[in-house]
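A short worksheet on the structure shown next.
The values are calculated or read from the model by the stated rules, or taken from the named source; none is laboratory data. All values derive from a computational prediction rather than experimental measurement. Note that we place each Cβ from the backbone using ideal geometry, even for glycine, and neighbour counts take in every protein chain shown. Accessible surface is based on the protein model in full, side chains and every heavy atom, while ligands, DNA and RNA are left aside. Shrake-Rupley method; radii C 1.70, N 1.55, O 1.52, S 1.80 Å.
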Amino acid sequence: AWTRHQPQPQRGLRILAVDGCVFNAPDTPDNRAYLGSPSSQHGPASWPQVRAVCLMDTQTHGLLDAHISGIHQGELTLAAHLQAPDHTLTVFDRAYFSAAFLLDWQTKGVQRHWLIRAKDNWRYEVTQALAEDDWLVRMPISQRARQLHPHLPTHWQARLVELEIDGKRRRYLTSLQQGVSRTRLAKLYVQRRVMERGKRDFWESTG
C-alpha cells in the first residue's frame, strides 16, 4: 500500500530491481535432501544452500516479490515467476541477459520495461540511430533458445546506449525506446545497488 502512493520517479514508471542470492543452511540430512548443495571435483560443498531471487522497489526499498528454492534451481528460472507491477522499469544485472527471459518479462503486462548492462561479446546490428551514442539494435536469437522456446522470433530489438563513466565506456540495453536520456538510464542502473541491503533484510525477516 505504501509504494502505490509514492510519487513516480520517471515518466510514470516505478523503478524496480531484481537480483538473486545464495545462503548457507544448517547441515542436516533433511536440508541436504531437500535443498541440495553445490558440488565440485572434490565432492559436495560443506553446507546445503538456499537460492532466493527478489524483486524490490528501489525508491522505498520494499520487497514486492521473492521466490526461494534449493540450490539446484537456476536463478533465471526463479526470476521468471516474479510478478512485477505494470508501468515499471526493472533493472537487471548481466546474468539475466536472455532473449526468452527479457521478452517474456516485458510482454507479461502493460509498460513492463527492463534495463540491463550489455555483455561484451554479444552480436547485434544497428537499425536506427536515435541520437549520439543512442541506437535501436537488432539481435539474433540462437537456434537453441528457439528450440526451447518455440514462440521466440529469429531476432529481437532493444535500445542500446553508450557513455563514459569514470573513464570507462559503459553500454546499456533497454526495452524503453524513448523518453529517458542515456545519462538518466545509467543513473537508474546504479539503483540496482539497493538490492544488497534489501536481500539482507529479506533473509533476516525470513528467519
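Observations
- Pick from segment 126-181, criterion open to solvent by less than 90 Å² (accessible area, probe 1.4 Å), acidic (D, E) and part of a strand (DSSP E or B), ranking: nearest to G109 (Cα to Cα): D134
- Qualifying positions in segment 67-91 - crowded, with 18+ Cβ neighbours inside 10 Å and either aliphatic (A, V, I, L, M) or over 30 Å from S40 (Cα atoms) (or both): I71, L78, A79, L82, A84, P85, T88, L89, T90, V91
- Evaluation of H61 against (1) open to solvent by 60 Å² or more (accessible area, probe 1.4 Å); (2) in contact with a helix residue (DSSP H, G or I) (Cβ under 6 Å, 6 or more places away or on another chain); (3) at negative phi (one fails), failing number: (3)
- Cβ-Cβ under 6 Å pairs, at least 6 apart or on other chains, segment 81-95 side assigned to a strand (DSSP E or B), far side among the small types (G, A, S) and modelled with pLDDT of 90 or more: T90/A84; V91/A17
- Scanning segment 180-193 for residues that are more than 16 Å from T90 (Cα to Cα) and at pLDDT below 85 gives no hits.
- Candidates in segment 17-70 are the residues that are acidic (D, E) and either modelled with pLDDT under 90 or not in a helix (DSSP H, G or I) (or both); of these, the one that is farthest from T88 (Cα to Cα) is D27.
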